[in-house]
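Working notes for the structure below.
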């Protein structure tokens, strides 16, 4: 019998996943109430080999784990990092500590992680371990119908945020060193202006949006010229869980109340901006709920009638040109190259890129969706799924998501060649031309 098994009480294993914060973390609070806590993060090679994972995701995760580890150390217990298959690692830890409770948040990510959770659930049943999975966002698992969903969302978000634990009892267990992206065969991907991860960065971004950057949000969020500054830029922090949806909602409502108590001359455009942002918080959970209710849409068309709309083989030349921002369409290429360099793009331009791939290039949604997933630092399968659904280009003769202004520009551009007539008058084309894309092909 090991020394750990001789202790009077076994610890509760807290498995951090995409909830990388000690604040407003129901799984962590449940674990602390049940006994001493062993906090673990598992780096899964199988997950990082999936076609929608990338170098930029790993780097954001590294930032976030560093902050989480520092916060846990301040509470008295360091984060234990393990590398490998979760079932194997849980088995090893169970042999050392004989824990009977496992806590983690209820995760809605992708098909791979869901299958992994099914294997973990089977392991828990076999070993007699109780797995507690409180939800982290306004999504309900096993929902039979959507009636009343908005009310349930509001009720959950209105509940007080959970404070961080006051302290954790130290458990001696050596952590594995943090690997490099290259150790998981994640090549450098050109994201030279990636958003930094970690809870401290997330709090700074939230504060700057609610107090300085966000006043023109409702108007400026649609343009790629202004959205990078005016949008919240919280999506990656919500995806990795360095901030919780509920604490963002509470911060928004607190700012609203403070503004309402101020003289009207000070309100400016903030009330409209806050209303628009509140709607987007609802949408975030709304579309994750759709994927939770119908997970097949990660891989399949919504309706089987469209299964053969686009036939193989894939046009590799079109796909590569689109992926590299070399199509010859200035706005498309500017947006793609900006996405490659920064890991972020506003909603309208995300939809435009997907629409262009599906409609103008007539590519099946699957490969473009995977490419975009790798580019978005805030990658969540539901948003990639949403982008390729919202473009409606898998439904036959439908309209593109291009704005009116960009359509005017596209009329003036032939594939791979710039027309000399009039493109400079379009703000969206100026975006492409102003950063010297070099899109004209050499004849």
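Rule-of-thumb check for region 185-231: C-alpha Rg over 2.2 N^0.38 Å?
Rounded to two decimals, the normalised Rg is 1.43.
Label-point separation (nm) for residue 225 and residue 200, each offset 7 Å from Cα along Cα-to-Cβ?
3.7 nm
Could you calculate the contour length gain from residue 265 to residue 155, that is, 0.36 nm times the residue separation minus the distance between their Cα atoms, to one decimal place in nm? The partial results should precede the final answer.
Values: separation 110, 0.36 × 110 = 39.60 nm, distance 3.25 nm.
That works out to 36.4 nm of additional length.
Quick check on region 226-271: take the gyration tensor over C-alpha atoms, sort the square-rooted eigenvalues as a ≥ b ≥ c, and tell me if it's rounded (a/c under 1.5), prolate or oblate.
Details: a/c = 5.38, a/b = 1.61, b/c = 3.34.
Judged from the Cα gyration tensor, region 226-271 comes out oblate (a/c at least 1.5, b/c at or above a/b).
Report the semi-axes of the equivalent ellipsoid for region 199-291 in whole Å, largest first, where each axis is √(5λ) for an eigenvalue λ of the Cα gyration tensor.
21, 15, 14
Residue 309 to residue 144: extension gain in nm, 0.36 nm per residue of separation minus the Cα-Cα distance?
Using 0.36 nm per residue and subtracting the Cα-Cα distance, I get 56.3 nm.
Subtract the Cα-Cα distance of residue 83 and residue 118 from 0.36 nm times their separation in residues, and report this length gain in nm to one decimal.
10.7 nm
Express the relative contact order of region 4-136 as a whole percentage, based on alpha carbon pairs under 8 Å and six or more residues apart in sequence.
Details: 182 pairs, mean separation 45.9, N = 133.
Contact order relative to length: 35 percent.
Measure out, as a whole number of angstrom, how far apart the alpha-carbon centroids of region 30-47 and region 286-313 sit.
Taking the Cα centre of region 286-313 as reference, the centre of region 30-47 is 33 Å away.
As a test of the definition: which semi-axes, in Å, follow for region 4-136 when you take the square root of five times each eigenvalue of its alpha carbon gyration tensor? Largest first, please.
In descending order the semi-axes read 23, 19, 14 Å.
Using alpha carbon centroids, what distance separates region 76-155 and region 8-26, in Å?
Answer, in whole Å: 11.
Read the figures in this text as sums done on the coordinates, not as results from a lab. Quick caveat: nothing in here was measured; it's all calculated off a predicted structure. Note that we place each Cβ from the backbone using ideal geometry, even for glycine, and neighbour counts take in every protein chain shown.
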